[in-house]
Amino acid sequence: MAQDTRGLTTTVEPAVRVRNLHRSFNENGGVLNGLDLDIAPGEFVALIGRSGTGKSTLLRALAGLDRDVAGHGQIEVPESVSVVFQDSRLLPWKRVLDNVTFGLRGPDAGERGRKALEEVGLAGRERSWPYELSGGEQQRASLARSLVREPELLLADEPFGALDALTRIRMHALLRKLCEAHRPAVLLVTHDVDEAIVLADRVILLDAGVVHTDVRVDLANRSRSDAGFAELRSLLLDRLGVDSE
Amino acid sequence: MTTTLHTTPVAVDDKGDASDKRVVRRRLGPGRRIRFAFWIGPVLALTVWSIGSATGVIKPAILSAPWDVVVAFEDQWVNHDLLGNILSSLQRSAIGLFLGVTTGAVLAVISGLSRIGESLIDGPIQIKRSVPTLAIIPLFIAWFGIGQEMKIITIALISLVPIYIHTHNGLRSIDGKYAELAETIGISHGEFIRHIVLPGALPGFLLGMRFAVTSSLLGLVVVEQYNAVAGIGHMITLAEQYGQTDVIVVGLVIYGIFGYCADSAVRLTARRVLAWRKTLEG
């Protein structure tokens with residue numbers, strides 16, 4: 001089941017190509033140590049790993065937010081990249097719609113923003129201030145802000161980490177629906193193995209700054225009660241060093 | 001019900017509504033707004049002054065009675081062109097304040113966003129801050145003469161400092177994560193300033209504005225003692241020479257009203273434009 005990405009025979013150019021990526025915050029060893037990664041257009045990849053294995057470092061490198069971090073390597077990403085952070089990062093001084101359309105150009109920006117808000121189930125909240133939204137609603141607004149830009153690559157750094165379990169389940173369904181509609185390549189960093197299996201086409205496990213495990217999620221049924229789900233879950237937990245029994 | 005309470009809940013008066021029974025915590029914030037709260041303090045001060053004068057506790061030689069001040073006000077208005085003096089003072093402080101606020105805000109943004117700007121601007125302003133304006137005036141008289149120019153520049157310089165300090169501080173306190181977001185969205189430098197820096201620094205700017213407004217009045221009092229031919233300060237200087245306490249108090253009251261109204265205006269504006277904040281201000 002585990003397979004190296006370089007072994008895959010793909011005819012299309014990958015949306016993301018990372019080669020021999022090194023990043024380190026101090027001299028005592030790197031966070032990323034020669035990492036290679038390809039993500040196909042429209043592919044949903046979940047990135048898991050223990051704390052400090054370089055998940056966020058990789059994501060920030062792809063987002064171009066690591067100019068002060070030492071390292072080298074090749075990164076190719078599409079023109080339009082959008083980031084969803086763990087906190088919604090809505091500008092508190094802008095109303096919800098203005099947050100969604102922030103930086104968007106063109107005369108139809110408002111209309112597109114309204115449509116995006118409707119897609120994430122926030123129709124009617126255009127004029128609200130961010131503080132008036134619940135945590136889940138804020139995160140949905142931030143999803144709308146990302147998707148309205150029609151990104152070719154969506155980077156999400158534990159976007160549901162701060163949400164409660166019920167809201168999380170609803171957000172999973174929403175994110176899958178949105179990704180199926182817009183087909184961006186997705187890299188989702190998460191701590192949650194279940195979340196990774198429910199959402200992703202491929203799960204990548206980082207360890208010591210390289211890809212340790214790379215598995216394709218070929219499940220007809222992504223319900224937690226499915227046998228394949230449980231098998232994949234215990235494989236990943238095992239590789240993470242957690243005793244799943 | 002088994003909840004662990006660290007403070008004793010206070011029972012509220014149920015206003016005859018038996019169906020509404022609740023356990024309410026003691027409020028730690030300032031609570032709901034009081035109507036006309038703004039005027040209660042000043043009206044109380046006026047009351048104490050009136051009672052003091054009426055009972056003779058406050059002698060007229062120390063402080064004229066409020067009604068004598070009203071009479072003096074009328075006399076000044078009718079016979080000595082008080083309105084002209086007020087307008088002349090207002091014009092002076094408004095022009096000075098406008099120049100000071102604009103320059104202060106622009107300098108704060110430059111010094112807040114650019115390291116080179118900071119190294120050029122921040123030091124001189126901190127130095128200017130510690131030099132009393134009164135001590136600079138003789139120099140300004142030598143440079144700009146004793147006319148309107150010197151007066152406006154002095155007022156501008158006095159009001160520039162608080163605007164600069166508070167706007168700069170407000171700008172630097174903006175959470176770095178918003179800048180990071182702006183970077184991922186890919187906006188221009190101008191848009192970054194317009195949509196993130198200015199709104200983020202606005203609370204600081206408005207606080208600076210409250211200081212600047214009163215500073216400009218302070219500057220007004222000082223500069224109008226120098227060779228003014230009109231203005232409230234001029235009126236006070238004349239009254240001083242003739243020993244007219246009531247006229248001096250008229251001048252002081254007018255300064256007080258200026259400051260109070262200007263400060264209220266800034267606070268009301270702040271409440272309106274900072275509606276996006278959920279703070280104890282409420």
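The values are calculated or read from the model by the stated rules, or taken from the named source; none is laboratory data. Since we're looking at a predicted model, the values are computed, not measured. Cβ placement follows ideal geometry from the backbone for every residue including glycine, while neighbour counts extend to all protein chains displayed.
Are there any helices (runs of 4 or more DSSP H) wholly within the range B:176-281 with 1 or more residues that are closer than 27 Å to B:Pro66 by Cβ, and if so which?
Numbers: elements: B:176-185, B:189-192, B:198-223, B:232-242, B:245-273.
By residue number, B:198-223, B:232-242, B:245-273.
Within the range B:230-279, if we keep just the residues that are within 14 Å of another protein chain (Cβ to nearest Cβ) and either of a type outside the set (Lys, Arg) or closer than 16 Å to B:Ser88 by Cα (or both), the residue that is farthest from the chain's Cα centre (by Cα) turns out to be B:Trp276. Within the range B:110-143, which residues are within 16 Å of B:Val222 (Cα to Cα), of a type outside the set (Val, Ile, Thr) and in a helix (DSSP H, G or I)? B:Leu134, B:Ala135, B:Pro138, B:Leu139, B:Phe140, listed by residue number. Listed by first and then second residue, the pairs linking a residue in the range B:164-187 that is modelled with pLDDT under 95 and among the small types (Gly, Ala, Ser) to a residue that is surrounded by fewer than 21 Cβ atoms within 10 Å (Cβ to Cβ) and not in a helix (DSSP H, G or I), with Cβ atoms under 7 Å apart and 6 or more places separating them unless they lie on different chains, are B:Gly186/A:Gly103. When restricted to residues that are small (Gly, Ala, Ser) and buried (at least 17 other Cβ atoms within 10 Å of the Cβ), the range A:8-49 contains 6. Among the residues of the range A:100-155, those that are within 23 Å of the chain's Cα centre (by Cα), over 22 Å from A:Arg60 (Cβ atoms) and among the polar types (S, T, N, Q) comprise A:Thr101, A:Ser134.
Please work out if B:Ile174 is surrounded by fewer than 20 Cβ atoms within 10 Å (Cβ to Cβ) and among the aliphatic types (A, V, I, L, M). The answer is yes for B:Ile174.
Candidates B:Gly170, B:Gly190, B:Gly147, B:Gly176: the one that is on the phi < 0 side of the Ramachandran plot and touching a Pro at 6+ places or on another chain (Cβ under 9 Å) is B:Gly170. Scanning the range A:22-49 for residues that are aromatic (Phe, Trp, Tyr) and in a strand (DSSP E or B) gives a single hit, A:Phe44.
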